[in-house]
Amino acid sequence: MRSSRRTLAVAATAGYLLVLDLAGVNLALPGMRRDLHASLAEVQWSVDAYALALAALLLPAGALADRAGRRRLFLAGLALFTAASLACALAPSPGVLDACRAVQGAGGAVLYGTGAPLVAAAFPAGAARNRALGVFAASTGAALATAPLVGGLLTELAGWRAIFLLNVPIGLAALAVAARSAAESRDPGARPLDVRAAARLAAGLAGALAALIEGPRLGWPVPLLLVGAAALAVAASGLARLPGAELLRDRLYAANAVSALGFNGAGAGAMAYFSLYAQESMDARPLVAGLWFLTYSVPALAAPLLLGRAVHRLPPAALVASGTLLVALSSVLLAVTAGEWAAMVPGLVAGGAGIGISSLVSGQVALTASPPGREGAASGVVSTVKQLAIGAGVAVLGVPYGLGGVVPMLLAAAAIAFTAALPALALLRPAGRRGARRGGRAAPDRAPARPARGPGG
């Protein structure tokens, strides 16, 4: 039992660091931009390179771990993440930093793909395993709640490089503990890894995001637009061949995935630029900005705790739509009140609550809408979509931010979130009609209290 607890502690620590390096780094972006003399596009890549690698490799890493051994892959991912973190801290230029962030994201994908299965294998089925998986999932929520404060404090006291240096001693200690305590496990019935599909997804996403990020600087030439469109088609063809993609034929599951794309793209994507705005236009120090951003992150942690016991009593489609609509409302409120911290608090609270509700609901509805035996693939696809959304959100919202500043960016985020809620809203109709449209199967009326695997809940 002691080795099981150590395995849980190591996996939860890794989960915390991964989200911290996604959300906490936002507070360090102005410092990176200033110290490295980076352009807006180069700062965008410091976020997108991490999120893109994490999203593109999450499902393939999980599939590979099922066959090659989860402990082996977890240790390799932790070593890669720790080494890349040190390289990020020592990066002398924006290009080197962006490349190291991509490697860090690759290590993070392996950790995310193996963390939950490693914990599940360490505990017997039943209450003990459910509690352990709940602790593992809570580590990412805790990171989301504390990331602004930790990121702001580290940047204020020691500069932006400290956020990456923090991972090194913790990563080395976790490696030592995991090597001694984690037990090896495999899935004998695991499906073969489709390497071509994974490569298409990664290459296509990189090309599409590159077109969005570099477009403003290059003046949106037609060849670039064509390359971006072609890359998006390649990414879609790769995603369609990965395990679990066939679940998107279910209307509730598809609406849930679109909502996840919207709330993470609009919410997490906007916060990256909002951090730049707070420190560059509002002249807020990193620590001050981090303290104010707690009004966003604390509701994101509190909302799932408050809603958890009532979630099964509400229609799944309504839950899916509600969080994303709150993110849209938050973006509008922030656009109207931008410039005054006190006036922006309602918008920040609404956005955090929306992210919290959506993070809880997206994983549970994915499990509800999946056929028996497909729960792992169902939660894995939604987790991948969430990470894709962050990369896409940063790329897409960078266009209005670069052209007109924070207000056009926030209004664009509101439009994205509202549009993403429409498929779920369309399901809010009489159950008989909806069931007929779903091939005679009524929409599930309750979400199971099973923890979902993957980043962000």
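Descriptive notes on the structure:
- Residues being surrounded by 24 or more Cβ atoms within 10 Å (Cβ to Cβ) and within 26 Å of residue 2 (Cα to Cα) - total across segment 83-121: 10
- Residues satisfying the stated conditions in segment 235-270, i.e. hydrophobic (A, V, I, L, M, F, W, C) and either more than 26 Å from residue 421 (Cα to Cα) or exposed (fewer than 14 other Cβ atoms within 10 Å of the Cβ) (or both): 240
- Of everything listed in (1) of a type in the set (D, E, K, R); (2) out of contact with any Pro (no Cβ under 9 Å at 6 or more places or on another chain); (3) not assigned by TED's automatic domain parsing to the domain that holds residue 86, the single unmet condition for residue 251 is (2).
- Qualifying residue in segment 198-209 (condition: among the basic types (Lys, Arg) and surrounded by fewer than 16 Cβ atoms within 10 Å (Cβ to Cβ)): no
- Total residues in segment 152-189 satisfying the condition of being touching a residue at least 60 places away in the same chain (Cβ under 8 Å), farther than 26 Å from residue 50 by Cα and not in a helix (DSSP H, G or I): the figure is 6.
- Residue 139 falls short of the stated requirement of being at pLDDT 90 or above, in a helix (DSSP H, G or I), of a type in the set (Ser, Thr, Tyr) and not assigned by TED's automatic domain parsing to the domain that holds residue 297.
- Evaluating residue 38 against the criteria (1) within 22 Å of residue 272 (Cα to Cα); (2) modelled with pLDDT under 85; (3) more than 22 Å from the chain's Cα centre (by Cα) leaves one unmet condition, (2).
- Search result, residues across segment 236-272 that are under 30 Å from residue 27 (Cβ atoms) and among the aliphatic types (A, V, I, L, M): 257, 258, 260, 261, 266, 268, 270, 271, 272
The values are calculated or read from the model by the stated rules, or taken from the named source; none is laboratory data. Quantities reported herein were computed from a predicted structural model and do not represent experimental measurements. With ideal geometry, Cβ positions are generated from the backbone for all residues, glycine too; neighbour counts draw on all protein chains shown.
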